[in-house]
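The next block holds one structure in the form of structure tokens; read it before the comments.
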Amino acid sequence: MIGLRSLAFQTAFYVWTLGLGLLTLPVLLLPRPAVLGVARLWIDGTFWLLSTTVGLTYEVRGSAHRAKGPAIYAIKHQSAWDTLVLMRLFREPAIVMKGELAWMPFVGWYLVRLGMISVDRRAGAAALRRMVRTAGVYLATGRDIVVFPEGTRTAPGQRLPYRPGIAALYAALDVPVVPVALNSGLYWARREFVKRPGRIVVSMLPAIAPGLERKPFMDRLRDRIETETARLNEEVEGGDRKGAC
């Protein structure tokens with residue numbers, strides 16, 4: 001049954017993405033608010049499909065920990081789902097993403113027009129400087145910066161080293177960093193066709209104020225995200241995974 005529901009979602013998702021992408025291609029020539037509107041429509045439709053076919057929904061905990069002004073949000077990355085929910089969590093996020101994504105048909109084109117922060121990992125320190133400079137410009141306009149500190153998706157229970165990009169942003173931009181944990185990989189795993197029913201939890205944690213040295217900052221960030229992620233995973237493993245919600 002789960003396989004059939006996943007197939008229904010995958011089929012509907014591709015039809016929805018291709019159809020909307022072709023229909024709204026001219027919007028890419030319009031100002032960014034119009035592009036943002038189409039992106040939100042696509043994401044809202046995708047979440048509706050997830051809910052009705054798979055039975056997968058989500059909840060957000062710890063919203064009180066949102067920063068009062070523009071900030072950096074460092075988010076655990078377990079699933080493609082994580083990139084979708086960002087447009088619902090934030091008004092107009094500037095997401096730090098790998099440069100290859102810009103070449104994806106439709107989705108990549110919209111990411112470029114939405115002003116995401118593309119990073120060419122082969123460029124080394126030069127890419128890091130451009131990322132920090134661009135993030136500073138976006139923060140000044142009131143946009144939040146979103147970064148996946150491990151730089152790639154990780155399976156539940158897996159830990160990778162936190163990359164230097166988040167430390168560079170924290171040191172240079174003088175704004176709070178809000179750690180965010182989640183358990184999306186238990187329901188929509190990397191490179192898995194099956195999508196499982198239940199409720200993904202996104203947990204915002206207390207912000208880390210600017211001013212720490214690099215190592216204490218990285219240790220605190222990693223500890224908060226990984227501890228909460230493990231706790232969320234244990235909730236599900238302890239019997240809290242449900243069917244369609």
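Any read-out appearing in this document is the output of simple, stated calculations on the displayed coordinates, not a laboratory observation. Because the structure is a prediction, the values reported are computed rather than measured. Cβ sites come from the backbone with ideal geometry, for glycine too, and all protein chains shown count toward neighbours.
The ranking of ASP44, ASP144 from fewest to most other beta carbons within 10 Å of each one's beta carbon is ASP44, ASP144. Rounded to whole numbers, the Karplus 3J(HN,Hα) couplings from phi for region 147-153 are 9, 9, x, 7, x, 7, 6 Hz, using 6.51 cos²θ - 1.76 cosθ + 1.60 with θ = phi - 60°, and x at Gly and Pro. Here the relative contact order of region 56-240, from alpha carbon pairs under 8 Å that lie six or more residues apart, stands at 33 percent. Phi angles across region 61-74 convert, under the Karplus curve 6.51 cos²θ - 1.76 cosθ + 1.60 with θ = phi - 60°, into 3J(HN,Hα) values of 10, x, 4, 5, 7, 4, 5, 5, x, x, 8, 9, 10, 9 Hz, Gly and Pro given as x. Please report, ordered by residue number, every helix of the chain (full DSSP H runs) that is 24 Å or longer along its axis going by C-alpha atoms and whose mean Kyte-Doolittle hydropathy reaches -0.5. Membrane-span-like by this rule: 2-23, 32-49. Among GLY19, GLY198, GLY151, the largest mean-square fluctuation in a Gaussian network model of the chain, built with springs joining Cα atoms closer than 10 Å, belongs to GLY19. Report the one residue of GLY142, HIS77, ALA64 whose Cα lies farthest in the direction of the positive end of the charge dipole of region 18-158 (charges on C-beta: Lys and Arg +1, Asp and Glu -1; origin at the Cα centre). So the residue we want is GLY142.
Applying 0.36 nm per residue to the separation of LEU4 and VAL194 and subtracting their alpha-carbon distance, the gain on full extension is 67.5 nm.
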